[in-house]
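Below you'll find the structure, written out as structure tokens, and then a few comments.
The values are calculated or read from the model by the stated rules, or taken from the named source; none is laboratory data. Model, not experiment: these values are computed from the prediction. Reconstructed Cβ throughout: ideal geometry from the backbone, glycine too, with neighbour counts over all protein chains shown.
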Amino acid sequence: MRVIITTMALVFAFGQALQAQSPKMKKIFNGKNLEGWVVPENNIWWSANGGILTAKSGPNKKGTLLWTEKQYKDFVIEADFKFGHGTVDSGIFLRGISQQIQIGISGSMKRDMTGSPYIEGKGYPVEAKGIKELLKMEDWNTMKVEAKGNVYKVWLNGREVMTYTSDDALESGPIGLQVHQNNEMSIDFRNIKVGEL
């Protein structure tokens with residue numbers, strides 16, 4: 001009897017540990033409109049239709065950010081993305097404007113830095129691994145980003161590609177999506193979900 005109780009306790013503890021590691025993911029994009037997001041004034045960049053969030057540069061190539069209304073501390077964000085036309089320079093901002101995970105071509109590096117962290121004042125301190133083999137240029141990709149304290153982890157299409165410890169991570173803030181300035185580009189997002197840790 002004692003063995004059964006001990007086994008049940010271990011199974012329960014293991015289940016609790018798994019649950020703690022796998023947060024409940026909630027959709028933060030409803031697929032129909034930009035409800036739940038802080039939309040830029042005179043928005044010409046962001047549109048929602050048929051489950052897809054499309055971002056594209058405007059005629060004067062001005063950059064833009066789309067922020068969540070909600071503030072987050074420790075979280076996991078997962079989203080599908082698909083490159084559109086032009087030189088795609090986008091990213092997922094983590095708790096504010098100073099730190100992001102790159103999607104597409106870096107303007108400063110002049111090459112694809114998808115999955116790598118861009119840190120204001122430091123550039124790209126580390127580079128994601130194996131991106132060339134994983135990234136689908138003509139199809140949907142899935143990126144998962146975990147921001148836990150000052151540690152960032154990134155998975156691309158199911159494979160972990162980057163871990164970085166930031167010495168100046170913000171404690172909390174919104175999550176942002178980007179269209180970089182001075183580019184002609186478009187990018188689509190879908191299935192955008194966040195789980196709080």
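Taken over the range 47-70, the criterion of being crowded, with 18+ Cβ neighbours inside 10 Å and either within 20 Å of Gly107 (Cβ to Cβ) or not hydrophobic (A, V, I, L, M, F, W, C) (or both) is satisfied by Ala55, Lys56, Ser57, Thr64, Leu65, Leu66, Thr68. On inspection, Glu146 qualifies as charged (D, E, K, R) and under 13 Å from the mean Cα position of the chain (by Cα).
Looking across the range 169-197, the residues that are among the charged types (D, E, K, R) and either part of a strand (DSSP E or B) or under 21 Å from Met113 (Cα atoms) (or both) come down to Glu184, Asp188, Arg190, Lys193, Glu196. So, in the range 76-90, of the ones that are surrounded by fewer than 20 Cβ atoms within 10 Å (Cβ to Cβ) and under 15 Å from the mean Cα position of the chain (by Cα), which residue ends up farthest from Asp167 (Cα to Cα)? Only one residue tops the list, namely Lys82.
Look at the range 18-43: where a residue is at pLDDT 95 or above, no partner that is assigned to a helix (DSSP H, G or I) and exposed (fewer than 11 other Cβ atoms within 10 Å of the Cβ) sits 6+ places away or on another chain with Cβ atoms under 7 Å. Could we say that Lys73 is surrounded by 14 or more Cβ atoms within 10 Å (Cβ to Cβ) and either among the aliphatic types (A, V, I, L, M) or closer than 17 Å to Lys193 by Cα (or both) here? Answer is yes for this residue. Scan the range 91-101 and tell me whether some residue there is more than 20 Å from Thr163 (Cβ to Cβ), in contact with a Leu (Cβ under 9 Å, 6 or more places away or on another chain) and either β-branched (Val, Ile, Thr) or touching a residue at least 60 places away in the same chain (Cβ under 8 Å) (or both). Taking every residue of the range 91-101 in turn, at least one turns out to be more than 20 Å from Thr163 (Cβ to Cβ), in contact with a Leu (Cβ under 9 Å, 6 or more places away or on another chain) and either β-branched (Val, Ile, Thr) or touching a residue at least 60 places away in the same chain (Cβ under 8 Å) (or both). Can you say whether Met137 is in contact (Cβ under 8 Å) with a residue 24 or more places away in the chain, closer than 22 Å to Ile105 by Cβ, assigned to a strand (DSSP E or B) and not polar (S, T, N, Q), as far as the supplied structure shows? Against the criterion (in contact (Cβ under 8 Å) with a residue 24 or more places away in the chain, closer than 22 Å to Ile105 by Cβ, assigned to a strand (DSSP E or B) and not polar (S, T, N, Q)), Met137 does not qualify.
Do we have any residue at all in the range 152-164 that's touching a residue at least 40 places away in the same chain (Cβ under 8 Å), of a type in the set (S, T, N, Q) and either assigned to a strand (DSSP E or B) or over 14 Å from Ile92 (Cβ atoms) (or both)?
Residues of the range 152-164 that are touching a residue at least 40 places away in the same chain (Cβ under 8 Å), as a first pass: 152, 154, 156, 161-162, 164.
From what is left, the residues that are of a type in the set (S, T, N, Q) are none.
Within the range 152-164, none of the residues are touching a residue at least 40 places away in the same chain (Cβ under 8 Å), of a type in the set (S, T, N, Q) and either assigned to a strand (DSSP E or B) or over 14 Å from Ile92 (Cβ atoms) (or both).
Annotation note: Cβ proximity below 9 Å between a residue of the range 178-196 that is hydroxyl-bearing (Ser, Thr, Tyr) and a residue that is assigned to a strand (DSSP E or B) (sequence gap 6+ or interchain) occurs for Ser186/Thr54; Ser186/Ala55; Ser186/Lys56; Ser186/Phe83; Ser186/Gly84; Ser186/His85; Ser186/Gly86; Ser186/Val179.
Among the residues of the range 99-127, the ones that are assigned to a loop (DSSP other than H, G, I, E, B) and surrounded by fewer than 21 Cβ atoms within 10 Å (Cβ to Cβ) come to 11 in all.
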